[in-house]
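A short write-up of the structure that comes next.
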Amino acid sequence: MLSYRNELDKMPSYDGVEKNYRIKVNANESTMNLPPLVEERVLNRLAMLAFNRYPNEEYHSLVEQIAKNFSVDASQILLGGGSSEIIEKVFHAFGGAGKRVVFPQPSFSMYKIYAKAAESEGIAFNLDAKFDLDVEKFIAAVHDTNANLAVVCNPNNPTGNALTLEQVEKIAASIDCAFLLDEAYVEFYGRSAVNLVAKYPNLLVARTFSKAYGLAGARVGYMIAQAEVTRMVNKTFMPYHMNKLSLATADIVYQMRDEFVPRLQMIIAERQRIIERLQKISGVEVFPSNTNFVLIRLSRAEELKNYLESLDIGIRYFSPSAFGLKNCLRISIGTRAENDAVFDAINSLLTN
Ligand SMILES: *Cc1c(COP(=O)(O)O)cnc(C)c1O
């Protein structure tokens with residue numbers, strides 16, 4: 001008899017089997033691969049790697065670059081295999097039996113799972129009907145539950161809305177425990193809280209190369225916090241947990257990040273254009289977005305999802321039991337042509 005760890009059988013499995021849709025706007029990835037100039041530099045760099053050596057040099061090179069960009073010390077940066085690894089390790093570092101972690105819902109569905117994996121108690125704080133976070137009540141909930149960790153995704157996935165930096169600072173200043181801010185989509189919002197780290201020893205900011213920088217396949221993310229915090233969180237990682245192919249790739253991408261600015265601008269403009277078009281379809285509620293996706297609600301959500309799938313278009317559908325997300329669909333912003341194709345398909349089903 002195989003005897004697994006307690007509770008492992010009750011852990012949900014991440015449904016990672018993904019179809020390769022003709023138009024894939026279900027996972028908030030970049031629908032464009034690297035800009036050609038960046039790709040060329042990446043391939044040249046990969047050709048020069050010392051595969052026989054552990055990735056110290058590549059790790060520190062990327063850390064130095066990020067530290068320089070944010071004017072922080074290199075000791076304040078940790079890299080991870082996507083921000084997923086960062087988030088999981090932060091839950092681990094501030095978790096354990098008898099520890100509590102508070103996060104809003106609906107938000108990133110993995111928080112609940114990381115809490116469980118760390119053997120902490122996950123406590124969901126409900127967003128209001130417009131998916132806004134009542135900051136005062138959230139702070140009170142963190143106090144009242146005697147939480148060890150509070151997690152906020154800003155801008156929020158899957159709702160698309162965002163807290164102002166004043167609201168983020170209010171939370172950081174008002175709670176004593178660790179405060180993890182997940183900024184996976186912040187490039188599409190433009191208001192990062194990284195500069196607040198110097199002032200708040202409890203603030204940890206997680207960022208990723210997966211969304212704005214189109215590197216979901218390379219699995220690179222990072223975290224910025226005060227040096228004492230990174231020193232502790234770093235103990236939860238394996239040695240050499242980052243591979244040098246991904247590190248070298250992210251290093252070039254970060255050096256060349258100006259090449260991505262036109263894409264970010266395009267996505268932000270497309271987001272506005274698609275929101276305005278969707279708003280004209282009666283029966284469709286469109287939520288405001290500060291991200292690279294748009295959340296909509298309509299009574300025919302499941303039918304629409306199935307119809308789009310039949311056209312080989314993949315969008316994100318939420319189970320009716322997901323808190324607050326009944327009849328909601330999330331659509332990632334793609335190229336103009338992809339967005340038009342998705343819109344035309346939606347429009348043709350709903351206006352017939
Ligand atoms: C996509 C996403 C992440 C992390 O993705 P990685 O690919 O692991 O960096 C983290 N948080 C949220 C809310 C996301 O949507």
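Go through the range 188-203 and report how many residues are within 13 Å of the ligand (Cβ to nearest atom) and either surrounded by fewer than 22 Cβ atoms within 10 Å (Cβ to Cβ) or farther than 30 Å from Glu39 by Cα (or both).
Step one: filter the range 188-203 for residues within 13 Å of the ligand (Cβ to nearest atom), giving 188-189.
Subsequent filtering for residues that are either surrounded by fewer than 22 Cβ atoms within 10 Å (Cβ to Cβ) or farther than 30 Å from Glu39 by Cα (or both) retains 189.
Matching residues across the range 188-203 total 1.
Yes/no matrix, rows are residues, columns are (1) among the acidic types (Asp, Glu); (2) more than 16 Å from Ala225 (Cα to Cα); (3) in contact with a strand residue (DSSP E or B) (Cβ under 7 Å, 6 or more places away or on another chain):
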residue: Arg45; (1), (2), (3): no, yes, no
residue: Tyr54; (1), (2), (3): no, yes, no
residue: Val90; (1), (2), (3): no, no, yes
residue: Tyr111; (1), (2), (3): no, yes, yes
residue: Asn126; (1), (2), (3): no, yes, yes
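Which residue pairs have Cβ atoms under 6 Å apart, sit 6 or more places apart or on different chains, and have a first residue in the range 323-340 that is under 17 Å from Glu285 (Cα atoms) and a second that is in a loop (DSSP other than H, G, I, E, B) and open to solvent by 40 Å² or more (accessible area, probe 1.4 Å)?
So the pair list comes out as Lys326/Pro320; Asn327/Ser299.
Would you confirm, using the coordinates I've provided, whether Ile267 is aliphatic (A, V, I, L, M) and within 22 Å of the chain's Cα centre (by Cα)?
Considered against the rule, which asks whether it is aliphatic (A, V, I, L, M) and within 22 Å of the chain's Cα centre (by Cα), Ile267 comes out as yes.
Pull up the range 13-40, narrow it to residues that are within 17 Å of Gly217 (Cβ to Cβ) and of a type in the set (Lys, Arg), then point me to the one that is least open to solvent (accessible area, probe 1.4 Å).
Lys24
Select, from Tyr222, Tyr213, the only residue that is outside any loop (DSSP other than H, G, I, E, B), farther than 18 Å from Leu149 by Cα, touching a residue at least 60 places away in the same chain (Cβ under 8 Å) and within 14 Å of the ligand (Cβ to nearest atom). Break it down into steps so the answer makes sense when it comes.
Numbers: Tyr213 fails: outside any loop (DSSP other than H, G, I, E, B).
Within the list Tyr222, Tyr213, the selection yields Tyr222.
Applying the selection to the range 223-241, what residues are surrounded by fewer than 22 Cβ atoms within 10 Å (Cβ to Cβ) and not β-branched (Val, Ile, Thr)?
Gln226, Ala227, Glu228, Arg231, Met232, Asn234, Lys235, Phe237, Met238, Pro239, Tyr240, His241
Evaluate the following for Gly190: is it within 29 Å of Asn52 (Cα to Cα) and modelled with pLDDT of 95 or more?
no
Run down Asp144, Asp73, Asp128, Asp132 and say which single residue is away from the ligand (no atom under 14 Å from the Cβ), touching a residue at least 40 places away in the same chain (Cβ under 8 Å), among the acidic types (Asp, Glu) and open to solvent by 60 Å² or more (accessible area, probe 1.4 Å).
Asp73
Could you say whether any residue in the range 277-289 is at pLDDT 95 or above, surrounded by 20 or more Cβ atoms within 10 Å (Cβ to Cβ) and within 15 Å of Thr31 (Cβ to Cβ)?
No: zero hits.
The values are calculated or read from the model by the stated rules, or taken from the named source; none is laboratory data. Since this is a predicted model, take the numbers as computed values, not measurements. Virtual Cβ from ideal backbone geometry, glycine too; neighbours counted across all protein chains shown. Just so you know, the surface numbers come from the protein's heavy atoms only, side chains and all, with ligands and any DNA or RNA stripped out. Shrake-Rupley method; radii C 1.70, N 1.55, O 1.52, S 1.80 Å.
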